[in-house]
Protein chains: 2
Amino acid sequence: MLDLPTIQLIRRPGIIELGWGHPNAALLPVDGMRQAAAQALDRWGADALNYGADQGAGPLLAWLSERIARTEGRAPHPDEIMITGGVSQALDQICTLCTQPGDIALVESPTYHLAIRILRDHPLELLSIPADEHGLRIDALAEIIAELRRTGRRPRLLYCVPTFHNPTGASLQAERRAALVALAAAEQMLIIEDDVYRELSYDGPPPPSLWSLAPPDTVARLASFAKSLAPGVRLGWLTAGPRIAGRLIGSGLLDSGGGVNHFTSLMVTAFCASAQYDQQIARLRTAYRTRRDTLLAGMAAHLPPSCTWTTPGGGFFVWVRLPEGMDAAALLPRAEAAGVAYLPGALFHSGGGGANTLRLAFSLYDPDELIEAARRLGRVV
Amino acid sequence: MLDLPTIQLIRRPGIIELGWGHPNAALLPVDGMRQAAAQALDRWGADALNYGADQGAGPLLAWLSERIARTEGRAPHPDEIMITGGVSQALDQICTLCTQPGDIALVESPTYHLAIRILRDHPLELLSIPADEHGLRIDALAEIIAELRRTGRRPRLLYCVPTFHNPTGASLQAERRAALVALAAAEQMLIIEDDVYRELSYDGPPPPSLWSLAPPDTVARLASFAKSLAPGVRLGWLTAGPRIAGRLIGSGLLDSGGGVNHFTSLMVTAFCASAQYDQQIARLRTAYRTRRDTLLAGMAAHLPPSCTWTTPGGGFFVWVRLPEGMDAAALLPRAEAAGVAYLPGALFHSGGGGANTLRLAFSLYDPDELIEAARRLGRVV
């Protein structure tokens with residue numbers, strides 16, 4: 001009998017695995033989803049199991065549109081929103097339909113390491129733009145675009161995580177947001193805004209999305225239920241101008257398949273139609289805020305003053321800078337021997353660099369384990 | 001409030017819509033899926049909502065491998081099988097990872113019209129290979145490959161539906177199956193075998209899959225629960241050699257997303273682990289066999305002898321040839337006025353032709369409506 005793993009996460013005995021940006025299992029809404037699955041089948045019957053509308057199930061689009069209008073102050077037009085199979089699937093589909101192999105994709109440095117792999121699978125040529133504690137450096141972006149222009153080239157897109165960044169936790173400053181969308185509009189460069197951490201804000205409301213600030217067809221904003229509800233439902237949404245959204249909705253893939261993930265769309269619709277969604281978000285914010293604060297307190301107590309790190313306003317990650325000259329990848333075996341793991345920062349730098357950085361995820365463990373992890377990390381560093 | 005459709009199917013009043021290859025709603029297992037969703041969450045708890053293994057959920061892979069070994073006489077190795085988001089998603093991913101824009105994809109003429117759109121979205125150059133009542137003509141295939149070679153080109157892949165073809169209902173003859181896999185192996189041409197109708201065989205067991213006959217890495221067989229259980233779960237599987245399967249499993253998309261459709265994978269696993277899967281297949285075979293036979297009897301009674309059609313051994317479709325010189329697309333408005341609709345055959349011919357052909361789907365309606373549809377069609381033809 002074939003015996004292959006059920007889930008992606010692998011825990012090694014004795015190691016606190018801060019490498020995984022995965023949710024704490026106790027925070028996944030098992031009971032709520034059990035009810036929601038039954039409610040979806042009660043309410044929509046066989047329609048819940050049939051081919052879904054290409055754009056996504058109407059009831060979920062209606063719920064999302066109302067919520068986006070309320071929380072972001074900009075209601076998407078009916079042709080500016082669609083359901084996706086999560087950020088990864090949406091990013092993949094945009095690459096398929098809106099780029100050609102060899103096109104230039106700009107990415108932040110550092111950036112989400114698996115987005116790099118999706119972009120390269122298409123295959124796009126990646127160029128890194130430096131970021132600082134306020135996010136992407138718009139001056140550096142403008143310089144690189146100008147430099148490309150001098151050689152007759154231009155970037156097709158910029159992939160970025162402006163809100164509660166993976167891996168740094170930083171959010172793009174307000175002035176830079178405005179400057180970024182203006183620059184992208186002027187250059188006709190598509191911004192792909194990975195907005196997956198928006199709901200997980202711990203110190204007040206999140207900053208406005210780039211999509212809400214930009215003229216149509218400048219930004220494709222990719223959002224998801226992966227962090228707010230459950231990754232396993234593989235469900236997200238996209239807001240973009242009608243040209244981009246229309247190209248995706250009009251694809252052969254969505255026509256042939258009947259949208260993506262129609263059943264889980266209606267299951268999540270049933271979950272959201274109750275007050276449960278807001279309760280779930282409130283619960284996550286409290287739980288992950290505590291974890292963030294605990295990990296940061298543990299690091300302050302146990303890491304030497306030669307290390308610095310970010311204080312993320314949301315999301316799952318703390319980004320650590322070791323003393324210059326230290327190599328986080330080389331240090332990892334010793335950290336694992338001491339019972340703590342992380343992802344070396346070099347993974348997130350598509351253009352090289354970042355050897356003395358590392359990413360810690362505080363999402364998976366309970367607070368007491370995070371304190372212990374900080375203690376172990378302190379011993380090794 | 002945004003008011004967009006929930007499902008893809010659109011029924012127009014007064015028209016029997018034989019254009020849609022969609023399931024009869026009464027045959028979708030609503031109660032079984034309600035139980036299965038609850039069972040998946042009871043059995044796997046939070047794991048059912050988490051990031052799934054990149055290759056797909058182990059329990060579903062185990063169930064599939066055992067079933068494939070039993071029904072097809074060839075057990076896939078652990079690195080030769082993976083879970084997909086259905087045939088469309090798998091086809092899309094193969095195009096992304098294993099082709100380059102402008103590569104030549106061979107397709108049957110006629111072939112599944114929405115696969116044509118997925119292939120063109122990548123964008124591949126399509127070349128049509130003629131088929132007859134025994135399926136793809138291998139002599140014509142060999143000729144076209146030889147002709148391409150004379151101009152220094154070769155086909156990257158062949159997309160085909162050898163079993164209960166969409167749109168013709170025909171199955172590829174046994175001798176042609178053997179010849180096809182030998183030719184593909186010799187030419188190092190990937191066969192993408194769309195095997196979505198395998199379970200829906202009405203006159204005995206289905207023919208062997210090309211995958212079960214071929215040397216490794218010659219065939220990627222795409223299978224699905226869309227016809228046997230429910231399209232809305234967006235779930236299928238792929239069997240292929242380790243090179244192709246490994247490329248897909250190792251993609252950024254599956255690493256970033258945690259496989260595709262992890263929750264519905266475990267829901268379907270729970271459904272299949274009971275005896276319900278076999279009961280469901282038996283129920284579908286009986287119900288759709290009756291519909292096929294009823295439609296064929298209605299056509300025999302009401303269509304003029306100048307029309308000919310196929311007798312499909314499985315699947316959803318009857319393929320009709322009108323008298324030479326008639327145009328099924330031009331006839332459609334009159335048919336709709338008479339209360340019956342179909343898909344004109346030209347849609348399925350990527351290289352042109354087929355004007356006097358049309359596809360009828362017998363899957364959506366009950367037998368009495370199929371008789372009435374044949375009567376209306378007879379009046380118009």
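The values are calculated or read from the model by the stated rules, or taken from the named source; none is laboratory data. Keep in mind that what you see is a predicted model, and the values were worked out from it rather than measured. Note that each Cβ is placed from the backbone with ideal geometry, even for glycine, and that neighbours are counted across all protein chains shown. Heads up: the accessible areas ignore ligands, DNA and RNA and are worked out on the full protein's heavy atoms, side chains in. Shrake-Rupley method; radii C 1.70, N 1.55, O 1.52, S 1.80 Å.
Given contacts defined as C-alpha pairs under 8 Å and at least six residues apart, what's the relative contact order of chain A, whole-number percent? Before the final figure, lay out each step's value.
On the way: 728 pairs, mean separation 93.7, N = 381.
The value is 25 percent.
What is the ratio of the Cα radius of gyration of chain A to 2.2 N^0.38 Å, with N the residue count, to two decimals? Write out the running numbers ahead of the final one.
On the way: Rg = 20.8 Å, N = 381, 2.2 N^0.38 = 21.0 Å.
Taking the Cα Rg and dividing by 2.2 N^0.38 Å, one obtains 0.99.
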Give the interface area between chains A and B as buried accessible surface, both sides summed, probe 1.4 Å, in Å² to the nearest 100. 6300 Å²
Mind listing the phi-derived Karplus ³J(HN,Hα) values for segment A:275-282, rounded to whole Hz, using 6.51, -1.76 and 1.60 with θ = phi - 60°, and x for any glycine or proline? 6, 5, 4, 5, 4, 4, 4, 4
Give the long-range amide H neighbours of A:S350: residues separated by 5 or more places, or on another chain, with amide H under 5 Å away, using H modelled in the peptide plane at 1.01 Å from N. A:T111
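Quick one: with all protein chains in place, what share of the accessible area of segment A:268-381 is carbon or sulfur, to the nearest percent (1.4 Å probe)? Working shown, then result.
Values: 2330 of 4330 Å².
About 54 percent, which is the carbon plus sulfur part of the accessible surface.
So what's the net charge close to B:L343: Lys and Arg +1, Asp and Glu -1, counting the other residues with Cβ under 11 Å from its Cβ? Before the final figure, lay out the partial values.
Working: positive: B:R359; negative: B:E17.
Its environment carries a net charge of 0.
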Expressed in nanometres to one decimal, the distance between label points 7 Å along Cα→Cβ at B:R154 and A:D132 is 5.5 nm
Between A:L343 and residues 5 or more places away or on another chain, the pairs with built amide H atoms under 5 Å apart involve A:R359
Taking every other residue with Cβ under 9 Å from the Cβ of A:Q8 and scoring Lys and Arg +1, Asp and Glu -1, one gets -2
Normalised by the empirical 2.2 N^0.38 Å for globular proteins, what value does the Cα Rg of the protein assembly as shown take? 0.98
Zone reached by a paramagnetic label modelled 7 Å from B:D366 Cα along Cα→Cβ, restricted to segment A:35-74 with backbone N below 18 Å, covers A:46-47
Report the calculated FRET efficiency for A:E175 and B:D31 (r = Cβ-Cβ distance, R0 = 56 Å), to the nearest 0.05. 0.50
With θ set to phi - 60°, apply the Karplus curve 6.51 cos²θ - 1.76 cosθ + 1.60 along segment A:259-273 and write out the HN-Hα couplings as whole Hz, x wherever there is a Gly or Pro. x, 10, 6, 5, 4, 5, 4, 6, 4, 5, 4, 4, 4, 6, 5
Using the beta-carbon distance between A:A186 and A:R11 and R0 = 56 Å, what value does 1/(1 + (r/R0)^6) give for FRET efficiency, to the nearest 0.05? 0.70
If you take the beta carbon distance between B:D327 and A:R243 as r and set R0 to 35 Å, what does 1/(1 + (r/R0)^6) give as a FRET efficiency, to the nearest 0.05? 0.50
Non-local amide H neighbours of B:I129 (under 5 Å, H modeled in plane, Pro and chain starts lacking H): which ones? B:V107, B:E108, B:S109
Can you say what percent of the DSSP beta bridges in chain B, counting only those with both residues inside, are antiparallel? Round to 5. 50 percent
If you rotate chain B onto chain A, the residue of B with its Cβ nearest that axis, and the gap in whole angstrom, comes out as B:A37, 2
What is the spin-label model distance, in nm, from A:N24 to B:Q100 if the labels are put 7 Å beyond Cα along the C-beta direction? 5.0 nm
Per-residue ³J(HN,Hα) for segment A:88-100, Karplus 6.51 cos²θ - 1.76 cosθ + 1.60, θ = phi - 60°, Hz, x for Gly and Pro: 4, 5, 5, 4, 4, 5, 4, 4, 4, 9, 10, 9, 10
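From the square roots a ≥ b ≥ c of the eigenvalues of the alpha-carbon gyration tensor of segment A:312-356, which class results: rounded (a/c under 1.5), prolate (a/b over b/c), or oblate? Intermediate results must be reported in sequence, preceding the final value.
Numbers: a/c = 1.79, a/b = 1.11, b/c = 1.61.
The shape class here is oblate.
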Can you give the accessible area of A:H122, probe radius 1.4 Å, in Å² rounded to 10? 20 Å²
